[in-house]
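K.L.:
Structure in structure tokens, see below.
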Amino acid sequence: ERKKERKREREKEREKEREKKIQILKKELIAISIPKERAAEHAQAMIDEGFETVKDLEGLNEDQLKNMGVTMLGDRKKIQDVFVQKDQSKPKKKEKEKKEKEKRSIGFLRARHREKGKKEKEKGRRRRGRGKGKRGKRGKREKE
């Protein structure tokens, strides 16, 4: 009898876990604008097939979704669009990283340029450019 009780307890626990997974998947499906009623049906079918999250559905084509029980064309498109949007958002991150690298390299070059100027000053060399030359503050020629 103990074995039967343990077996029943395990089955109850598995059923509770399954219900939790269904609720989580249902919320994910609702988040991508699938109506509640259909989301519950789809979630049960997907859990039965071994898919626990919407992320797990990546790579499935329309026919596979249809065979799984997602009969509405609109629902299939919404599920597939989730992954298309994710693919499009990835290049933006790469662009940001590239811009940051450029900023860092420009900052590095400026710092290097400043150091070079300091070294020349220490050696007694005068840097060319930026000087007023024979002109004063106002830009008029001063008498020599």
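K.L.:
Please work out which residue is farthest from the chain's Cα centre (by Cα), limiting yourself to the stretch 1-33 and to residues that are assigned to a loop (DSSP other than H, G, I, E, B) and in contact (Cβ under 8 Å) with a residue 12 or more places away in the chain.
P.N.:
Checked the stretch 1-33; the qualifying residue farthest from the chain's Cα centre (by Cα) is Ser33.
K.L.:
Moving to a separate point now. Considering only residues that are touching an Asp or Glu at 6+ places or on another chain (Cβ under 9 Å), surrounded by fewer than 17 Cβ atoms within 10 Å (Cβ to Cβ) and touching a residue at least 12 places away in the same chain (Cβ under 8 Å), which ones fall in the stretch 34-67?
P.N.:
Thr53
K.L.:
Need a quick list: helices (runs of 4 or more DSSP H) entirely within the stretch 34-129 having at least 3 residues that are modelled with pLDDT under 90, more than 26 Å from Glu19 (Cα to Cα) and within 27 Å of the chain's Cα centre (by Cα).
P.N.:
73-123
The values are calculated or read from the model by the stated rules, or taken from the named source; none is laboratory data. Bear in mind the structure is a predicted one, so any value in this text is a computation, not a measurement. Heads up, the Cβs are rebuilt from the backbone with ideal geometry, glycines too, and the neighbour counts pull from every protein chain shown.
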